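Single-structure report; data block below.
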Amino acid sequence: MAAKKPAAKPLPFSDSVMKQVRSIPRGEVRSYAQVAIYAGRPGAARGVGRELKHLPGQATQVPWWRVIRSDGTLAPPVAHEQAKRLRAEGVTVDERGQVFRVVVKKDGKGL
């Protein structure tokens with residue numbers, strides 16, 4: 001009987017978050033909660049925020065600006081820069097820093 005291959009070891013949370021954020025297409029957004037779900041840690045939205053807050057020199061390789069709050073708003077410390085980058089990608093951001101039509105379902109997928 002052939003030996004079974006060992007199961008692939010899951011990526012550390014930080015690596016999973018970065019992989020998920022890199023996969024967000026230009027002109028689209030995901031919530032911190034959605035990224036947490038896709039990274040394998042439902043309920044870890046704050047953890048996603050912490051990971052993105054501490055990006056070491058990867059700020060341009062990881063499109064952090066595509067991750068927003070579940071209510072569609074931008075985080076105050078980076079809202080101005082985030083809105084500028086999102087608008088450059090064609091995302092509608094109103095004057096209050098609200099991204100148009102963000103819906104998060106319980107399964108983490110947007111409408």
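The values are calculated or read from the model by the stated rules, or taken from the named source; none is laboratory data. Predicted model, so just to flag it, every value in this text is computed and none were measured. Reconstructed Cβ throughout: ideal geometry from the backbone, glycine too, with neighbour counts over all protein chains shown.
Of note:
- Within the range 61-84, residues that are within 19 Å of Gly47 (Cβ to Cβ) and in contact (Cβ under 8 Å) with a residue 24 or more places away in the chain sit with their Cβ atoms under 6 Å from residues that are β-branched (Val, Ile, Thr) and part of a loop (DSSP other than H, G, I, E, B), at 6+ positions apart or across chains, in these pairs: Arg66/Ile24; Arg66/Val29; Ile68/Val29.
- Residues located in the range 9-31, provided they are polar (S, T, N, Q) and in contact (Cβ under 8 Å) with a residue 60 or more places away in the chain: Ser31
- Filter result for the condition that a residue is modelled with pLDDT under 95 and in a helix (DSSP H, G or I), over Val78, Val35, Val62: Val78
- The range 85-111, subset exposed (fewer than 13 other Cβ atoms within 10 Å of the Cβ) and at pLDDT 85 or above, residue farthest from Ala39 (Cα to Cα): Glu95
- Of all residue pairs spaced 6 or more apart or on separate chains, those with beta-carbon atoms under 9 Å, a first member in the range 32-44 that is within 21 Å of Leu74 (Cβ to Cβ) and a second member that is acidic (Asp, Glu) and part of a loop (DSSP other than H, G, I, E, B) are Ile37/Asp107.
- The listed residue being on the phi > 0 side of the Ramachandran plot, modelled with pLDDT of 95 or more, surrounded by fewer than 16 Cβ atoms within 10 Å (Cβ to Cβ) and not aliphatic (A, V, I, L, M), out of Gly27, Gly57, Gly43: Gly43
- Residues located in the range 82-99, provided they are more than 16 Å from the chain's Cα centre (by Cα) and under 22 Å from Gln20 (Cβ atoms): Ala88, Gly90, Val93
- Test result for Arg69, of a type outside the set (Phe, Trp, Tyr), more than 21 Å from Arg96 (Cα to Cα) and surrounded by fewer than 22 Cβ atoms within 10 Å (Cβ to Cβ): no
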